[in-house]
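Worksheet for the structure shown next.
The values are calculated or read from the model by the stated rules, or taken from the named source; none is laboratory data. Source: prediction; values computed, not measured. A quick note on method: Cβ atoms are made from the backbone with ideal geometry, for glycine too, and the neighbour counts reach across all protein chains shown. Heavy atoms of the whole protein, side chains included, go into the accessibility calculation; ligands, DNA and RNA do not. Shrake-Rupley method; radii C 1.70, N 1.55, O 1.52, S 1.80 Å.
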Amino acid sequence: MDLQFQGKYVLTGQIRCLTGLHIGGAAEGIEIGGVDNPVIKDPLTERPYIPGSGLKGKLRSLLEWSLGKIEKHPKHGGYAAHFCGECDACVIFGPASDKTEVRMKAGPTRLTVRDSFPTPETLKNWEDWLGEGVYTEIKTENAIDRVTSEANPRPMERVPADSAFKFEMIFDVYRSDDRQLLKSLFTAMRLLEHSALGGSGSRGHGQVGFEGLELKWRPLSYYQTGQGEQQVPLPGQTVESIISGFATIQWP
């Protein structure tokens with residue numbers, strides 16, 4: 001496989017929470033009446049954020065399912081990805097396999113996903129909605145015992161709906177046809193909009209949307225001289241518009 005680093009596409013925008021978002025963090029200690037399901041927070045600011053690992057993992061899983069790469073595991077009976085090293089999921093996200101031949105087929109992982117932090121507007125909204133130094137809401141859910149009808153209330157911490165997080169994804173290009181892999185990335189993002197991010201998605205948590213999307217091309221010369229960055233004209237700033245008009249994009 002002939003690979004040569006050509007440059008990077010930098011995709012930025014916002015992830016907006018359409019419903020409350022719960023991405024679990026560690027509970028250091030639970031007091032009486034406390035929350036046993038906290039969200040993950042920046043240890044320096046105590047503000048919630050979206051880990052790049054969680055976002056990347058969800059995108060990968062959705063793309064693998066769409067490509068038919070999830071198979072029933074012969075040992076533990078669950079489902080796992082089949083790492084071929086050749087499909088779009090393996091090339092974009094990396095094969096996650098210890099087999100040398102599989103890793104050689106895929107080449108270097110193309111996609112880097114940064115942690116996403118709340119926008120300044122969201123920080124102001126949190127202060128207005130919740131009060132100074134408060135960044136989350138508590139949603140109490142009841143698990144009902146179907147035999148005794150006993151309720152088991154469980155408080156869950158969530159990021160409020162309409163909160164927005166600034167995200168950045170970096171896509172490395174090693175072959176000319178790598179640019180076409182971006183369509184699979186946008187497809188995974190669209191699938192996520194119709195799925196859920198974080199926990200308890202089947203109970204209404206974690207519906208998100210991508211908005212304000214911008215794409216820049218930074219060729220090798222940009223990293224050598226600081227010159228050559230180009231804005232990629234996109235057919236809209238939503239995932240849906242980009243997928244619909246993908247064939248019209250003029251790639252630098």
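Structural remarks
- Across the stretch 123-139, the number of residues qualifying as open to solvent by less than 50 Å² (accessible area, probe 1.4 Å), in a helix (DSSP H, G or I) and over 17 Å from Ile40 (Cα atoms) comes to 1.
- Scope the stretch 238-252; condition surrounded by 15 or more Cβ atoms within 10 Å (Cβ to Cβ) and at pLDDT 95 or above; matching residues: Thr238, Val239, Ile242, Ile243, Phe246, Ile249
Here's the yes/no breakdown for (1) over 16 Å from Arg110 (Cα atoms); (2) assigned to a loop (DSSP other than H, G, I, E, B); (3) of a type in the set (D, E, K, R); (4) touching a Leu at 6+ places or on another chain (Cβ under 8 Å):
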{"position": "Asp178", "(1), (2), (3), (4)": "no, no, yes, no"}
{"position": "Arg190", "(1), (2), (3), (4)": "yes, no, yes, no"}
{"position": "Ser221", "(1), (2), (3), (4)": "yes, no, no, no"}
{"position": "Leu234", "(1), (2), (3), (4)": "yes, yes, no, yes"}
{"position": "Ile242", "(1), (2), (3), (4)": "yes, no, no, yes"}
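- Checking Tyr174, Tyr223 one by one, the residue that is surrounded by fewer than 16 Cβ atoms within 10 Å (Cβ to Cβ), over 17 Å from Val113 (Cα atoms), more than 14 Å from the chain's Cα centre (by Cα) and aromatic (Phe, Trp, Tyr) is Tyr223 and no other.
- Taking residues in the stretch 85-114 that are β-branched (Val, Ile, Thr), and partners anywhere that are open to solvent by 10 Å² or more (accessible area, probe 1.4 Å) and at pLDDT 95 or above, the pairs with Cβ atoms closer than 6 Å and at least 6 places apart or on different chains are Ile92/Leu181; Thr112/Ile170; Val113/Lys56.
- Residue tally, condition in a loop (DSSP other than H, G, I, E, B) and open to solvent by less than 60 Å² (accessible area, probe 1.4 Å), over the stretch 38-61: 6
- Of all residues in the stretch 193-220 being of a type in the set (Asp, Glu) and under 30 Å from Ile138 (Cα atoms), the one that is surrounded by the fewest Cβ atoms within 10 Å (Cβ to Cβ): Glu211
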